[in-house]
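The values are calculated or read from the model by the stated rules, or taken from the named source; none is laboratory data. All figures in this text were calculated on a predicted structure; none of them were measured in a lab. Virtual Cβ from ideal backbone geometry, glycine too; neighbours counted across all protein chains shown. Areas reflect the complete protein model, heavy atoms only, side chains present, ligands, DNA and RNA absent. Shrake-Rupley method; radii C 1.70, N 1.55, O 1.52, S 1.80 Å.
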Amino acid sequence: MIERILLLGMFLIGFWGIVSRKNLIKKIFGLNIINNSVVILFVLEGSRAGSSAPIMEQGISNIVDPVPQALMLTAIVIGVCISALALALAFRLYKATGTYNIQEIKRKVHNGF
Amino acid sequence: MKQKAINVLTIISLASVTLVLLPLFLENSPWPLSARNYLELHGVGDSGAINLVSAIYLGFRVFDTLGETIVLLTAVSGTIGVLTRAGAVLAEGYDTSGTPALTEQEKKVIMDDHTFTLAGEKRRSHALRTHLLEVVTGVLGPVVLLFGFYLMLYGHLSPGGGFQGGVVTASGIIFLALGNRIGAKNPLIRASVLDRIEAAAFLLLILASLSGILMGRGFFGNPLQDVTAIPAGYIILLNGIIGLKVGAGIGFLCIAMVGREIS
Amino acid sequence: MTIMLLVLMLGLSIFMLVSRDLLFGIIALSAVSLLSALLFYLQQAPDVAITEAAVGAGVSTVVFIGIIRYTERKDRDP
């Protein structure tokens with residue numbers, strides 16, 4: 001119960017980072033934090049259902065739910081792809097305008113460089 | 001004044017997100033156990049793999065894996081396109097007088113796509129450059145690659161599998177590239193080789209998925225289910241293909257982002 | 001144990017977003033990934049732990065540092 005409140009707090013911290021920080025790299029940090037918190041939430045909820053790891057050797061019973069773990073594998077790999085693409089776009093913006101500050105970039109794009 | 005408006009908007013958006021997510025994070029209904037019960041009894045028999053997570057993402061939910069490989073392909077090609085050619089074409093007409101111009105020394109840095117080390121040891125702070133990095137990572141690189149291949153091929157018997165082995169292989173490729181000495185030509189860290197490995201693995205995945213149709217088991221069906229005594233051979237093949245794809249794709253991404261000076 | 005790890009992760013996330021040096025933020029991101037890999041191992045999920053450790057502490061950190069290296073490292077205004 002308290003773990004879920006802490007995970008909600010982590011999600012809100014990531015969201016606050018995206019909305020209120022002006023540096024582009026800080027916004028990408030916020031994306032990563034949100035991704036991390038949702039993955040931890042799924043694995044935590046799935047592990048409430050049992051007590052041993054889902055490797056069915058001889059005599060293992062009462063395993064945890066393996067379906068959320070299989071889904072989160074895909075989610076983690078896609079998360080790193082999202083970060084890499086976002087960083088490539090941020091790099092291009094830096095090379096074109098000279099700054100990472102989102103308000104400066106907006107002003108420069110609006111005034112035609 | 002504008003800053004105050006932004007602060008108020010931030011607080012309002014945070015409050016509304018909390019309001020939407022609070023019932024989701026706080027609900028207390030019991031986790032439905034029907035999937036776990038079914039998998040505990042029939043998972044090993046249906047697919048032949050002892051590791052149930054491998055059985056799920058290669059047997060029961062294999063369309064998720066197919067979608068993930070497509071997303072990986074798109075993300076890697078998009079990143080490379082934005083970083084190198086397409087990005088440079090887009091930035092042609094923009095006035096870049098605001099950015100600090102690249103000096104001649106910086107332009108000579110890493111034009112070679114083999115190595116991470118700088119050509120001729122011309123570096124701003126070459127007092128910090130020791131041989132520790134090259135020696136340690138150059139020796140550890142093949143060991144990490146071997147571990148990655150072990151995880152890929154034994155994924156159905158112990159923790160491991162396609163994704164896990166693939167990302168560890170990508171780390172091994174980064175180690176090899178960091179430990180590369182100037183002048184040594186290692187084909188595994190060249191961008192063209194990794195590119196072709198990823199494309200070939202994707203093609204093999206499509207072929208392996210269609211092979212089930214020939215034996216009458218449907219798309220992504222296991223063709224070895226009734227024929228041989230080891231139905232897990234299909235799982236091993238798929239794990240290896242996915243491991244190669246993910247490893248080569250993410251390795252290519254890292255080498256493109258770190259090893260080449262973007263002009 | 002999980003509550004302690006989650007509190008540490010919260011602290012590191014706040015530090016990541018308010019630090020003035022971007023390299024410190026990248027190292028904090030790597031530390032958050034490492035702690036979450038430990039959390040996955042404690043929750044009986046070994047496959048997710050291997051993937052998170054290799055991705056978070058390896059690939060993601062390298063990608064971030066590879067981009068910061070060619071641009072600036074200081075966060076001029078938070």
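Please go through (1) in a helix (DSSP H, G or I); (2) surrounded by fewer than 20 Cβ atoms within 10 Å (Cβ to Cβ) for A:Ala70 and return the number of the only condition it doesn't satisfy.
(2)
A:Ala96 versus (1) within 7 Å of another protein chain (Cβ to nearest Cβ); (2) open to solvent by 30 Å² or more (accessible area, probe 1.4 Å); (3) closer than 20 Å to C:Asp75 by Cα: which is the lone unmet condition?
So A:Ala96 meets the others, but not (2).
Which one of these does C:Ala53 not meet: (1) within 25 Å of B:Gly165 (Cβ to Cβ); (2) assigned to a helix (DSSP H, G or I); (3) facing another protein chain (nearest Cβ under 7 Å)?
(3)
Say we look at the stretch B:49-66 and pick out the residues that are open to solvent by 30 Å² or more (accessible area, probe 1.4 Å) and more than 8 Å from chain A (Cβ to nearest Cβ); which of these is nearest to B:Ser192 (Cα to Cα)?
So the first thing to find is which residues in the stretch B:49-66 are open to solvent by 30 Å² or more (accessible area, probe 1.4 Å), and the list is B:50, B:59-61, B:63-64, B:66.
Remaining after also requiring more than 8 Å from chain A (Cβ to nearest Cβ): B:59-60, B:63, B:66.
On the way: B:Gly59: 32, B:Phe60: 35, B:Phe63: 29, B:Leu66: 24 Å.
By that ranking, first place goes to B:Leu66.
Listed here are the residues, each with its yes/no results for (1) at pLDDT 90 or above; (2) under 29 Å from the mean Cα position of the chain (by Cα).
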| residue | (1), (2) |
| --- | --- |
| B:Lys2 | no, no |
| B:Thr10 | yes, no |
| B:Ser13 | yes, no |
| B:Ser16 | yes, no |
| B:Pro23 | no, no |
| B:Ser29 | no, no |
| B:Gly43 | no, yes |
| B:Gly48 | no, yes |
| B:Gly59 | no, yes |
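Take the stretch B:179-204 and flag every residue that is open to solvent by less than 40 Å² (accessible area, probe 1.4 Å) and either touching a Cys at 6+ places or on another chain (Cβ under 9 Å) or modelled with pLDDT of 90 or more (or both). Explain how you work it out, then say what you get.
Restricting attention to the stretch B:179-204, the residues satisfying the condition of being open to solvent by less than 40 Å² (accessible area, probe 1.4 Å) are B:179-180, B:189, B:191, B:194, B:198, B:201.
Of everything in the stretch B:179-204, just one residue is open to solvent by less than 40 Å² (accessible area, probe 1.4 Å) and either touching a Cys at 6+ places or on another chain (Cβ under 9 Å) or modelled with pLDDT of 90 or more (or both), namely B:Ala201.
Is it the case that some residue within the stretch B:8-16 is open to solvent by less than 60 Å² (accessible area, probe 1.4 Å), of a type in the set (S, T, N, Q), facing chain A (nearest Cβ under 7 Å) and in contact with a strand residue (DSSP E or B) (Cβ under 7 Å, 6 or more places away or on another chain)?
No: zero hits.
Within the stretch B:230-243, does at least one residue satisfy the condition of being open to solvent by 20 Å² or more (accessible area, probe 1.4 Å), assigned to a loop (DSSP other than H, G, I, E, B), within 25 Å of B:Thr74 (Cα to Cα) and modelled with pLDDT under 80? Let's see the steps before the verdict.
Step one: list which residues in the stretch B:230-243 are open to solvent by 20 Å² or more (accessible area, probe 1.4 Å), which gives B:230-231, B:233, B:236-237.
Of the ones still in play, those that are also assigned to a loop (DSSP other than H, G, I, E, B) are B:230-231.
Subset that is within 25 Å of B:Thr74 (Cα to Cα): none.
Scanning the stretch B:230-243, I find no residue that is open to solvent by 20 Å² or more (accessible area, probe 1.4 Å), assigned to a loop (DSSP other than H, G, I, E, B), within 25 Å of B:Thr74 (Cα to Cα) and modelled with pLDDT under 80, so the answer is no.
Which one of these is farther than 20 Å from C:Pro46 by Cβ, aliphatic (A, V, I, L, M) and more than 14 Å from the chain's Cα centre (by Cα): A:Val67, A:Val109?
On the way: A:Val67 fails: farther than 20 Å from C:Pro46 by Cβ.
So the residue among A:Val67, A:Val109 that is farther than 20 Å from C:Pro46 by Cβ, aliphatic (A, V, I, L, M) and more than 14 Å from the chain's Cα centre (by Cα) is A:Val109.
Tally time: how many residues in the stretch B:136-161 are open to solvent by 80 Å² or more (accessible area, probe 1.4 Å) and under 18 Å from B:Ser171 (Cα atoms)?
Initially, the stretch B:136-161 is screened for residues open to solvent by 80 Å² or more (accessible area, probe 1.4 Å), giving B:139, B:143, B:146-147, B:149-150, B:153-154.
Now drop any that are not under 18 Å from B:Ser171 (Cα atoms), which leaves B:139, B:143, B:146-147, B:149-150, B:153.
The qualifying residues number 7.
Has the stretch A:56-70 got any residue that is within 17 Å of C:Ala37 (Cα to Cα) and more than 9 Å from chain B (Cβ to nearest Cβ)?
yes
Of the conditions (1) in contact (Cβ under 8 Å) with a residue 12 or more places away in the chain; (2) open to solvent by 10 Å² or more (accessible area, probe 1.4 Å); (3) farther than 21 Å from A:Arg4 by Cα; (4) under 17 Å from the mean Cα position of the chain (by Cα), A:Asn62 fails just one. Which one is it?
If we test A:Asn62 against (1) in contact (Cβ under 8 Å) with a residue 12 or more places away in the chain; (2) open to solvent by 10 Å² or more (accessible area, probe 1.4 Å); (3) farther than 21 Å from A:Arg4 by Cα; (4) under 17 Å from the mean Cα position of the chain (by Cα), just (4) comes out false.
Do the conditions hold for B:Leu19, that is, is it open to solvent by less than 80 Å² (accessible area, probe 1.4 Å), among the hydrophobic types (A, V, I, L, M, F, W, C) and without any contact (Cβ under 8 Å) to a residue 60 or more places away in the chain?
Numbers: open to solvent by less than 80 Å² (accessible area, probe 1.4 Å): no; among the hydrophobic types (A, V, I, L, M, F, W, C): yes; without any contact (Cβ under 8 Å) to a residue 60 or more places away in the chain: yes.
For B:Leu19, the condition - open to solvent by less than 80 Å² (accessible area, probe 1.4 Å), among the hydrophobic types (A, V, I, L, M, F, W, C) and without any contact (Cβ under 8 Å) to a residue 60 or more places away in the chain - is not met.
Scan the stretch A:1-15 and tell me whether some residue there is touching a Lys or Arg at 6+ places or on another chain (Cβ under 8 Å) and part of a helix (DSSP H, G or I).
The initial filter retains those residues of the stretch A:1-15 that are touching a Lys or Arg at 6+ places or on another chain (Cβ under 8 Å), namely none.
No, the stretch A:1-15 contains no residue that is touching a Lys or Arg at 6+ places or on another chain (Cβ under 8 Å) and part of a helix (DSSP H, G or I).
Can you confirm whether B:Ala88 is open to solvent by 10 Å² or more (accessible area, probe 1.4 Å) and modelled with pLDDT of 85 or more? Walk me through how you get there before you give the answer.
Numbers: open to solvent by 10 Å² or more (accessible area, probe 1.4 Å): yes; modelled with pLDDT of 85 or more: no.
Considered against the rule, which asks whether it is open to solvent by 10 Å² or more (accessible area, probe 1.4 Å) and modelled with pLDDT of 85 or more, B:Ala88 comes out as no.
What are the residues in the stretch A:10-47 that are crowded, with 18+ Cβ neighbours inside 10 Å, under 19 Å from B:Asn28 (Cβ atoms) and without any contact (Cβ under 8 Å) to a residue 24 or more places away in the chain, if any?
Listed by number, the residues that qualify are A:Gly46, A:Ser47.
Quick one: would you say C:Tyr70 is within 14 Å of chain B (Cβ to nearest Cβ), assigned to a helix (DSSP H, G or I) and aromatic (Phe, Trp, Tyr)?
Working: within 14 Å of chain B (Cβ to nearest Cβ): yes; assigned to a helix (DSSP H, G or I): no; aromatic (Phe, Trp, Tyr): yes.
Here the answer is no, as C:Tyr70 does not meet what is asked.
For the stretch B:23-45, does any single residue satisfy the condition of being touching a Lys or Arg at 6+ places or on another chain (Cβ under 7 Å), in a helix (DSSP H, G or I), over 30 Å from B:Val246 (Cβ atoms) and of a type outside the set (S, T, N, Q)? Steps first, answer last, please.
Here is the first cut: in the stretch B:23-45, the residues touching a Lys or Arg at 6+ places or on another chain (Cβ under 7 Å) are B:25-26, B:31.
If we keep only those that are in a helix (DSSP H, G or I) as well, we get B:25-26.
Going one step further and asking which of them are over 30 Å from B:Val246 (Cβ atoms), we end up with B:25-26.
Keeping just the survivors that are of a type outside the set (S, T, N, Q) gives B:25-26.
Checked the stretch B:23-45: at least one residue is touching a Lys or Arg at 6+ places or on another chain (Cβ under 7 Å), in a helix (DSSP H, G or I), over 30 Å from B:Val246 (Cβ atoms) and of a type outside the set (S, T, N, Q).
(1) within 14 Å of chain B (Cβ to nearest Cβ); (2) over 22 Å from A:Ile82 (Cα atoms): which one isn't true of C:Ile3, the others all being true?
(1)
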